[in-house]
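The structure under discussion appears below in the form of structure tokens.
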Amino acid sequence: MAQDSAGPPVVNKWFDRASPTYRCVIDPTHEISSMFGWVNVPSAAWIDENGKIVRSNEGVYPAETTVGFGLGKVRLGDDSFAEATRDWIERGADSEHVWSSRELAERLKPVDDDRLLAEATFKLALHFEAVGDSERALKHFAAAQDLAPDNWNYQRQGWTHKGTAYAT
């Protein structure tokens, strides 16, 4: 899944480069991260055959990844998430990596007034961006970032709107 308010013209290059063998989703309004409470990418949710979420809301890289950022490069991730995912695929609910309902609830970010206001403010920023009102979009991106400084999805989309090179 890719999240960017510019939609396919911006994200298709990433899908083309990855050559996926599965269905890809473009989420220009960030509905999926809103629904799951995700604040950064990559994130993942494991949903079993009954539609039950059995693991969610963790920053994940399927393997060690090197990312260029600012003046240098940063190494992120390892093989542990991919290994855990394979174990879950093979063993299902018996996998040691499946979280109990209690463990899942403990790991989800609590929803408070600031997070709700940040979400609404971010959605307004996306709206203003979509209708071409850049001044209002920037104001609302900044306000959402101030209300939820740990939400890198808000930061990244604001940077993208400004045309900041390190946003992509």
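The values are calculated or read from the model by the stated rules, or taken from the named source; none is laboratory data. Because the structure is a prediction, the values reported are computed rather than measured. Counting neighbours? That spans all protein chains shown, and the Cβs are built from the backbone with ideal geometry, glycine included.
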Could you tell me which residue of segment 124-159 is surrounded by the fewest Cβ atoms within 10 Å (Cβ to Cβ), considering only residues that are among the charged types (D, E, K, R) and part of a loop (DSSP other than H, G, I, E, B)? Asp150
Checking the conditions here, which among Leu104, Leu108 is closer than 30 Å to Ser80 by Cα, within 16 Å of the chain's Cα centre (by Cα) and of a type in the set (A, V, I, L, M, F, W, C)? Leu108
Only one residue in Gly59, Gly70, Gly37, Gly77 is at pLDDT below 85, closer than 28 Å to Gly158 by Cα and exposed (fewer than 14 other Cβ atoms within 10 Å of the Cβ), so which one is that? Gly70
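Residues are listed down the side, and each one gets a yes or a no for (1) in contact (Cβ under 8 Å) with a residue 40 or more places away in the chain; (2) farther than 30 Å from Asp112 by Cβ; (3) assigned to a helix (DSSP H, G or I):
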residue: Val10; (1), (2), (3): yes, yes, yes
residue: Phe15; (1), (2), (3): no, yes, yes
residue: Cys24; (1), (2), (3): no, yes, no
residue: Thr29; (1), (2), (3): yes, no, no
residue: Trp38; (1), (2), (3): yes, no, no
residue: Val41; (1), (2), (3): yes, no, no
residue: Ala45; (1), (2), (3): no, no, no
residue: Gly51; (1), (2), (3): no, no, no
residue: Ser56; (1), (2), (3): yes, no, no
Within segment 86-104, can one find any residue that is on the phi > 0 side of the Ramachandran plot, part of a loop (DSSP other than H, G, I, E, B), free of Cβ contacts under 8 Å to residues at least 60 places away in the same chain and touching a Phe, Trp or Tyr at 6+ places or on another chain (Cβ under 6 Å)? no
